[in-house]
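The structure under discussion appears below in the form of structure tokens.
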Amino acid sequence: METVIIHGQNRKEELCALMAEFFRLEGCNDVRAEAPGFLPPEKIVGSIKDHSPALTCRRNDARGTAVIMDTLLVEGGAVDLAEVVSRLQLFSSAVQAINGELHLVVPERVGGCEGEELARALLKRLGLKANRIWAL
């Protein structure tokens, strides 16, 4: 068993560090995260706006499946709805183009609502899908 102590300047950094360690322990390669001790993820170029996801990595499978992870409505991250929508659309398009995975991290509760339900409702309204939503 390995104990990991997570420290960050804000909730986004802490969640990114936690998820980076999770993916690292899962055997993923080239883990990049907006967290202390990790290289930052590369910017993804969009037709309207470029964004850097919170975390990227590659699974240790035959294809080296790319994983793009972002945080939603987390302190230290994008909270403006237009910014959140722009990021979701870009990252969703990127994973479709490379047959990768999109993971989202949301707070357990957002303004009295369950974070996962809120994320699912937003994705449905936008016609997008995520491979996994992590409510932490």
Here's a check for you: in the range 47-66, which residue that is in contact with a helix residue (DSSP H, G or I) (Cβ under 7 Å, 6 or more places away or on another chain) and assigned to a strand (DSSP E or B) is nearest to Ala17 (Cα to Cα)?
Leu55
If you go through the range 81-97 one residue at a time, how many are open to solvent by less than 90 Å² (accessible area, probe 1.4 Å) and either assigned to a loop (DSSP other than H, G, I, E, B) or among the hydrophobic types (A, V, I, L, M, F, W, C) (or both)?
9
Take the residues in the range 104-136 that are in a strand (DSSP E or B) and in contact with an Asp or Glu (Cβ under 8 Å, 6 or more places away or on another chain), then tell me which one is most open to solvent (accessible area, probe 1.4 Å).
Arg132
With respect to the numbered conditions (1) under 23 Å from Val84 (Cα atoms); (2) more than 11 Å from the chain's Cα centre (by Cα), which one is the sole condition not fulfilled by Glu21?
(1)
Any residue in the range 79-104 that is of a type in the set (D, E, K, R) sitting within a Cβ distance under 9 Å of a residue that is open to solvent by less than 90 Å² (accessible area, probe 1.4 Å) and assigned to a helix (DSSP H, G or I)? List the pairs, counting only those 6 or more apart or interchain.
Glu101/Val95
Please work out if Arg32 is over 18 Å from Leu123 (Cβ atoms), touching a residue at least 24 places away in the same chain (Cβ under 8 Å), surrounded by 18 or more Cβ atoms within 10 Å (Cβ to Cβ) and not acidic (Asp, Glu).
yes
Run down Ala66, Ala78, Ala54 and say which single residue is at pLDDT 95 or above and either over 24 Å from Leu122 (Cα atoms) or out of contact with any Pro (no Cβ under 9 Å at 6 or more places or on another chain) (or both).
Ala66
Taking the range 34-46 as the region of interest, how many residues are within 16 Å of Arg87 (Cα to Cα) and either in a loop (DSSP other than H, G, I, E, B) or among the small types (Gly, Ala, Ser) (or both)?
6
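The values are calculated or read from the model by the stated rules, or taken from the named source; none is laboratory data. Since we're looking at a predicted model, the values are computed, not measured. Every residue, glycine as well, gets a Cβ built from its backbone with ideal geometry; the counts of neighbours run over all protein chains shown. These accessible areas exclude ligands, DNA and RNA; they are computed on the full protein's heavy atoms, side chains included. Shrake-Rupley method; radii C 1.70, N 1.55, O 1.52, S 1.80 Å.
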